[in-house]
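Peer 1: First, the structure itself, so that you have it in front of you.
The values are calculated or read from the model by the stated rules, or taken from the named source; none is laboratory data. All values reported here derive from a predicted model rather than from experimental measurement. Cβ coordinates were reconstructed from backbone atoms using ideal geometry, including for glycine residues, and neighbour counts include every protein chain displayed.
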């Protein structure tokens, strides 16, 4: 019997094993400086933090997240699974409390405090994460400030859930937090309904999610139009009007990486594994 | 900082990520019923047993091994990493005792008792393992008897190390135990000396080991001549007189699987990671 943490780790591994996942590193495609094995090491390194999240009476999930990111970053590729861990940590805590459901996950999110927000900010010190510039009046809350922003968090009394709420309009991971992880749970259902090897299902669900909504990581690193075009091309592939492998090659060549969509696939894999998905 | 167990698990993952490793499942080649993701789940599932091995004052390593195999087998592919775990468990215990060296590993092996042997036999109940028929006078010690053989182990007072000694002439994993893991430590040195991404180094070391000595798993499942021919072909590839990918395709087609050599690569990866190999 795999434990909750085992399933969280396996979800990270199965996500990167799914191929083709156009634009993302997978077992057949990688960048020179961001390689398949960096994701393997990232998943293993995140373990100690996931263990903290899996203790129902454990430390604040912001601390578990920071620990997971710190361990994840102990490889040469840099940021491999920051967003996936930001989804997994509250889901793991909800599972540990025997309520891995949208409402159970929202309860975990709602019970966060400024301490969790501080852990989240400290996590940015371990790894470079692509983020948007904040509005000028929120400059003191720029996540890239890391722990330097903690006094401002305290001054404003911002819990981690409130931090997520402020990013929900431009970041798909934050939106999952705020809305009760709807796309993660939807992905879990699709993963359970599809047939065939789990990595193939993951690749299919990735395409479906990408076609449904523009990837916010692409929007941040490129622009909205690019993100919308990528989603349109994913839709075309699903409709039989394009080839997934060709799309994968093209996006990798142009370094267009729909990372948020991959994060949600990882979260969906975790929920599906907890619900009994066989590998 | 990855823990000893983290490194053991990562070694299993990096081993299967290395490609091409002619005849073995890797990220680009798999069998319909033995797939890449089965190895991912096997590595994650083995974790609880590896934790027992990593406790210097933990339970007998035979028990840790049984637990690791039980967890490993919680996926649909069957036997993914039995031999690799049989190498890793004593190496992990030696590392936990701060003596990850041939002599430190031999000390662990020499300190095994009948209790360890019983754990080893019970491990065969969790998964089908290809083994040779034992000589007629040793029929009561056939590993396929699982725990039914435990009374015979006690009657003969056989420690796990003595069980390994009896198989050392025909099984390359048992030979590692008896001789102080020479090929595992040699593989670790090569992995450290080579350049480039770790999975590529693992694939290279696999070929080198295979060219050095016929794979005993091939000899058991096919015959000695086949094992020798496979090694000759690996040698040819290393000498530039053959293509590793073509050899990989051919061996997979013929279901010739040099699994013992892969096990030793996994053990070598663990030692190399413990010695600071960066991923």
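Peer 1: Among the residues of the stretch B:163-181, is there at least one that is in contact with a strand residue (DSSP E or B) (Cβ under 9 Å, 6 or more places away or on another chain), in contact (Cβ under 8 Å) with a residue 12 or more places away in the chain and crowded, with 20+ Cβ neighbours inside 10 Å?
Peer 2: No, that holds for no residue.
Peer 1: For the structure I just gave you, tell me whether residue A:236 is surrounded by fewer than 20 Cβ atoms within 10 Å (Cβ to Cβ), part of a helix (DSSP H, G or I) and modelled with pLDDT of 95 or more.
Peer 2: On the way: surrounded by fewer than 20 Cβ atoms within 10 Å (Cβ to Cβ): yes; part of a helix (DSSP H, G or I): yes; modelled with pLDDT of 95 or more: yes.
The answer is yes for residue A:236.
Peer 1: Next up: Is it the case, given these coordinates, that residue A:213 is surrounded by fewer than 20 Cβ atoms within 10 Å (Cβ to Cβ), free of Cβ contacts under 8 Å to residues at least 60 places away in the same chain and over 13 Å from residue A:265 (Cα atoms)?
Peer 2: Against the criterion (surrounded by fewer than 20 Cβ atoms within 10 Å (Cβ to Cβ), free of Cβ contacts under 8 Å to residues at least 60 places away in the same chain and over 13 Å from residue A:265 (Cα atoms)), residue A:213 qualifies.
Peer 1: On the basis of being more than 24 Å from residue A:40 (Cα to Cα), out of contact with any strand residue (DSSP E or B) (no Cβ under 6 Å at 6 or more places or on another chain) and in contact (Cβ under 8 Å) with a residue 40 or more places away in the chain, does residue B:73 make the cut?
Peer 2: Spelling it out, it is not the case that residue B:73 is more than 24 Å from residue A:40 (Cα to Cα), out of contact with any strand residue (DSSP E or B) (no Cβ under 6 Å at 6 or more places or on another chain) and in contact (Cβ under 8 Å) with a residue 40 or more places away in the chain.
Peer 1: In the list B:229, B:183, which residue meets the criterion of being closer than 25 Å to residue B:8 by Cα and part of a helix (DSSP H, G or I)?
Peer 2: Working: B:229 fails: closer than 25 Å to residue B:8 by Cα.
Step by step, each of B:229, B:183 is checked, and only B:183 is closer than 25 Å to residue B:8 by Cα and part of a helix (DSSP H, G or I).
Peer 1: Only helices (runs of 4 or more DSSP H) wholly contained in the stretch B:1-96 count here; list those with 2 or more residues that are within 14 Å of chain A (Cβ to nearest Cβ), closer than 24 Å to residue A:49 by Cβ and touching a helix residue (DSSP H, G or I) at 6+ places or on another chain (Cβ under 7 Å).
Peer 2: Correct list: B:4-17, B:36-45, B:47-53, B:61-72.
Peer 1: Separate question: For the stretch A:188-206, which positions are away from chain B (no Cβ under 14 Å), surrounded by 23 or more Cβ atoms within 10 Å (Cβ to Cβ) and closer than 21 Å to residue A:23 by Cα?
Peer 2: If the condition is that a residue be away from chain B (no Cβ under 14 Å), surrounded by 23 or more Cβ atoms within 10 Å (Cβ to Cβ) and closer than 21 Å to residue A:23 by Cα, then A:205, A:206 are the ones that fit.
Peer 1: Looking at (1) surrounded by fewer than 24 Cβ atoms within 10 Å (Cβ to Cβ); (2) within 20 Å of residue A:104 (Cβ to Cβ); (3) under 17 Å from the mean Cα position of the chain (by Cα), find the lone condition where residue A:276 falls short.
Peer 2: With (1) surrounded by fewer than 24 Cβ atoms within 10 Å (Cβ to Cβ); (2) within 20 Å of residue A:104 (Cβ to Cβ); (3) under 17 Å from the mean Cα position of the chain (by Cα) applied to residue A:276, the lone miss is (3).
Peer 1: For residue A:265, all conditions in the list (1) over 14 Å from the mean Cα position of the chain (by Cα); (2) modelled with pLDDT of 95 or more hold save one; what is the number of the exception?
Peer 2: (1)
Peer 1: Still on this model: Run residue B:103 past the list (1) touching a residue at least 40 places away in the same chain (Cβ under 8 Å); (2) assigned to a loop (DSSP other than H, G, I, E, B) and report the number of the one that doesn't hold.
Peer 2: Every condition holds for residue B:103 apart from (2).
Peer 1: Given the conditions (1) at pLDDT below 95; (2) in a loop (DSSP other than H, G, I, E, B), which single one is not true for residue B:138?
Peer 2: Tallying (1) at pLDDT below 95; (2) in a loop (DSSP other than H, G, I, E, B), residue B:138 fails exactly one: (2).
Peer 1: Also, quick follow-up: Please work out if residue B:55 is surrounded by fewer than 16 Cβ atoms within 10 Å (Cβ to Cβ), over 15 Å from the mean Cα position of the chain (by Cα) and closer than 24 Å to residue A:47 by Cβ. Steps first, please.
Peer 2: Numbers: surrounded by fewer than 16 Cβ atoms within 10 Å (Cβ to Cβ): yes; over 15 Å from the mean Cα position of the chain (by Cα): yes; closer than 24 Å to residue A:47 by Cβ: yes.
Considered against the rule, which asks whether it is surrounded by fewer than 16 Cβ atoms within 10 Å (Cβ to Cβ), over 15 Å from the mean Cα position of the chain (by Cα) and closer than 24 Å to residue A:47 by Cβ, residue B:55 comes out as yes.
Peer 1: Check the stretch A:239-246 and report whether any residue there is away from chain B (no Cβ under 14 Å), at pLDDT 95 or above and outside any loop (DSSP other than H, G, I, E, B).
Peer 2: No, there is no match, as no residue in the stretch A:239-246 is away from chain B (no Cβ under 14 Å), at pLDDT 95 or above and outside any loop (DSSP other than H, G, I, E, B).
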